[in-house]
1. Among the residues of the stretch 44-54, is there at least one that is more than 20 Å from the chain's Cα centre (by Cα), assigned to a loop (DSSP other than H, G, I, E, B) and modelled with pLDDT of 90 or more?
2. Can you name every residue in the stretch 4-43 that is assigned to a helix (DSSP H, G or I) and in contact (Cβ under 8 Å) with a residue 24 or more places away in the chain?
Amino acid sequence: KESTLSKAAFETPVSIFVRSSIMGQSDKVLSGIDNVIMNQPIYLGTGLYDVYFVGNRKEDKE
């Protein structure tokens, strides 16, 4: 089953939202496109990892 937000991204959003509201559908916002529409971070590609620096920086030695 495709999510409401994913459908709205590729079709006419107003009719999708109205139909989904009438039917009482909900969206769990699990896919990347859903998160982009909701302005939430996506954890795919470079967003999948947190990068940490471990070691001595030049400023730390001074």
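The values are calculated or read from the model by the stated rules, or taken from the named source; none is laboratory data. Keep in mind that what you see is a predicted model, and the values were worked out from it rather than measured. Reconstructed Cβ throughout: ideal geometry from the backbone, glycine too, with neighbour counts over all protein chains shown.
1. The answer is no, given that none of the residues of the stretch 44-54 is more than 20 Å from the chain's Cα centre (by Cα), assigned to a loop (DSSP other than H, G, I, E, B) and modelled with pLDDT of 90 or more.
2. L5, S6, A8, A9, I33, D34, I37
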